[in-house]
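The values are calculated or read from the model by the stated rules, or taken from the named source; none is laboratory data. It should be emphasised that the depicted structure is a prediction, and the values quoted were computed from it without experimental measurement. Cβ coordinates were reconstructed from backbone atoms using ideal geometry, including for glycine residues, and neighbour counts include every protein chain displayed. Side chains included, ligands, DNA and RNA excluded: accessible areas come from the protein's heavy atoms. Shrake-Rupley method; radii C 1.70, N 1.55, O 1.52, S 1.80 Å.
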Amino acid sequence: MSETPEQRSETGKPMVTATPRDVIHIRLASFVIFLALALGALALVAKATVVAVVLGVIAVIAVVDIVLAVRRQRHLGLGPRSTG
């Protein structure tokens with residue numbers, strides 16, 4: 001397993017190579033998870049179980065999307081702990 005040296009920006013911050021598509025998937029999905037869980041909690045308080053279940057399913061789909069984006073990065077050899 002060979003590791004590539006970490007690149008640094010002009011300001012000295014570490015940079016990790018990633019495709020813009022996967023970064024967008026991770027950022028949007030994390031926002032969707034937060035929103036779905038917050039609204040789901042409110043739906044449970046309001047005793048709207050159907051809405052809470054739908055929001056729970058949406059949160060699970062977003063988690064799967066994040067997992068797939070991270071796996072794509074590792075498979076491409078660009079993400080953390082890549083095998084490429």
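Could you please find all residues in the stretch 41-62 being within 30 Å of Thr19 (Cβ to Cβ) and surrounded by 15 or more Cβ atoms within 10 Å (Cβ to Cβ)?
Quick first cut of the stretch 41-62, residues within 30 Å of Thr19 (Cβ to Cβ) only: 55-62.
Residues satisfying the conditions are Leu55, Gly56, Ile58, Ala59, Ala62.
May I ask you to list the residues in the stretch 23-45 that are more than 19 Å from Ile66 (Cα to Cα) and not β-branched (Val, Ile, Thr)?
Leu39, Gly40, Ala41, Leu42, Ala43, Leu44
Does any residue in the stretch 50-70 that is closer than 12 Å to Gly40 by Cβ come within less than 7 Å, Cβ to Cβ, of a residue that is in a helix (DSSP H, G or I) and open to solvent by 70 Å² or more (accessible area, probe 1.4 Å) six or more places away or on a different chain, and which pairs are these?
Ala52/Leu44; Leu55/Leu39; Ala59/Leu37
Identify the residue in the stretch 1-40 that is modelled with pLDDT of 90 or more and open to solvent by 100 Å² or more (accessible area, probe 1.4 Å) and, among all such residues, is nearest to Gln73 (Cα to Cα).
The extreme case among them is Arg27.
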